[in-house]
Amino acid sequence: MAVVKAGVVVLDCAEPEQLAEFYKGFLDAEETDVSAHRVEIRGADGTRLAFRRDANATPPSWPRPENSFQVHLDFLVDDLDEAERRIVGLGGRPLDTNGAPGPHEERGYADPSGHSFTLRRTTPRAPKLG
């Protein structure tokens, strides 16, 4: 019998309620657990995230080296432009959306508390022949 029932990525932040609203909007999520210092959500695809109150939380500085990565999330999307509009509309900001020339397969963003994440375009798969 498994000891662990489920894993949840927890992001420290000053205002967990506000950060939960951002990710609820982005992931079409619902709150599954709320306390005075923590909010947990589950996205439509099953992604589970929690946000824990830490008055001393310092946003990561990625891509600068000082205090850079603390955690990094990747999300798979079909349409990078549509996802970017949603992120910006919810209060997120682009970090690294203009890389090499040509079609961009991934883009970097920060949530309203400064945690970085990447959107990666899902690659369409051709049907198997034969």
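The values are calculated or read from the model by the stated rules, or taken from the named source; none is laboratory data. Model, not experiment: these values are computed from the prediction. Methodologically, a virtual Cβ is constructed for each residue, glycine included, from the backbone with ideal geometry; neighbour enumeration extends over all protein chains shown. When the accessible area is computed, the model is the full protein with side chains, heavy atoms only, and any ligands, DNA or RNA have been set aside. Shrake-Rupley method; radii C 1.70, N 1.55, O 1.52, S 1.80 Å.
Among the residues of the range 15-29, those that are open to solvent by less than 50 Å² (accessible area, probe 1.4 Å) and either out of contact with any strand residue (DSSP E or B) (no Cβ under 9 Å at 6 or more places or on another chain) or not basic (Lys, Arg) (or both) comprise Pro16, Leu19, Ala20, Phe22, Tyr23, Gly25, Phe26, Leu27, Ala29.
The condition of being more than 15 Å from Leu11 (Cβ to Cβ) and modelled with pLDDT under 85 holds for only one of Pro63, Pro94, that being Pro63.
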